[in-house]
Amino acid sequence: MAASSKDLALAIIHFLTTSVANKTVSEEFAESVDVAIDCIADAFAVDKADAPTAVDGRSLLDFVNDPARAPAHSLIDEETKDKANALKGEGNKAMAAKDFDTAIAKYTEAIGLGASYAVFLSNRAAAYSSSSQHAKAVEDAKAAIALDPGFSKAFSRLGLAEYALGNAKAAMEAYKRGLDIEGSQPSDAMKRGYETAKKRVEEELDDCISEGEVAKSSGASQDASGAGAGTGASAGGFPNLSSMFGGGGMPSLSEMMNNPQLMQAAQNLMSNPEAIQGLMNNPALQGMAKQFLGGQGGQNKPKE
């Protein structure tokens, strides 16, 4: 069968694939369209993966809207197209050998010839990701998607690059769109990428919730401390004992037990071990304790 017929078959496949991806065809008929794509590919002995690069990357609508230009355009660029595909093949070999710099150079040379096909940009995005140039990978993947919204591999490249940049939510969304395009037969790589990104998004959400709870709890503790260190507190946050005793001398034990302010302060101290330790080291309190045990405390001693 003539090459032009195969090109047209690939253009039809490309049109149908894109129509499913951008929801031009409702999900109700998406599976039927997928079957039609497989039938066309088998009948014309073409590879569906070649659809984005067929007839110089032009869509079926280009032929319908501008039929006069279509044949000439295809013939003019045929030699360039072959050279670009050869460069792409060299880039693929370099990728297999993990020579990412060479792969980037080959893909860039092919694109420079005017072969700005989605597959070329997507391949270079993969090479950029492999060499840790993730921001450039995002740019190429998005450019590939703009050229061919139905090219699922471009979404996989975008998801990988976004995830590497720490953008888990953007990665998850990219993989989800890729899964939608692949339909009932999603690739393992797309599924793994989506699940990994989704798990990371959930972890980040849990972390945000936990941090919010800690901040709220810390704020409540500070408010409680501030309330305890308000009225009736001396320097250092300790109770102002002299104010509780009316500015007089050291009271007797019975007077202390009947003083509501002092009892409240004692309860507050018992609930705050750190405050108790600090209070025990307070020189003023130590002096008062000595006074109580010595002078004032003598009032309760039995007479000799």
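P(r) for segment 95-217: what percent of alpha-carbon pairs falls in each 5 Å bin, starting at zero? Bins of 5 Å from zero give 2, 13, 19, 19, 17, 12, 7, 4, 3, 2, 1, 0, 0 percent of pairs. Here the residues 28, 139, ranked from fewest to most Cβ neighbours within 10 Å of their Cβ, fall in the order 28, 139. Ranked for footprinting exposure by Cβ neighbours inside 10 Å, fewest first, 148, 34, 188, 82 give 188, 82, 34, 148. Straightening the chain between residue 204 and residue 92 buys 36.7 nm, computed as 0.36 nm per residue apart minus the Cα-Cα spacing.
Over 26 Å between Cα atoms, which of 23/98; 98/176; 142/191 qualify?
As for pairs spanning more than 26 Å Cα to Cα, those are 23/98; 98/176.
Every read-out reported here was derived from the displayed coordinates using simple, explicitly stated rules and does not represent laboratory data. Nothing here was measured: the structure is a model prediction, and the numbers come from that model. All Cβ positions, glycine included, derive from the backbone under ideal geometry; neighbour counts span all protein chains shown.
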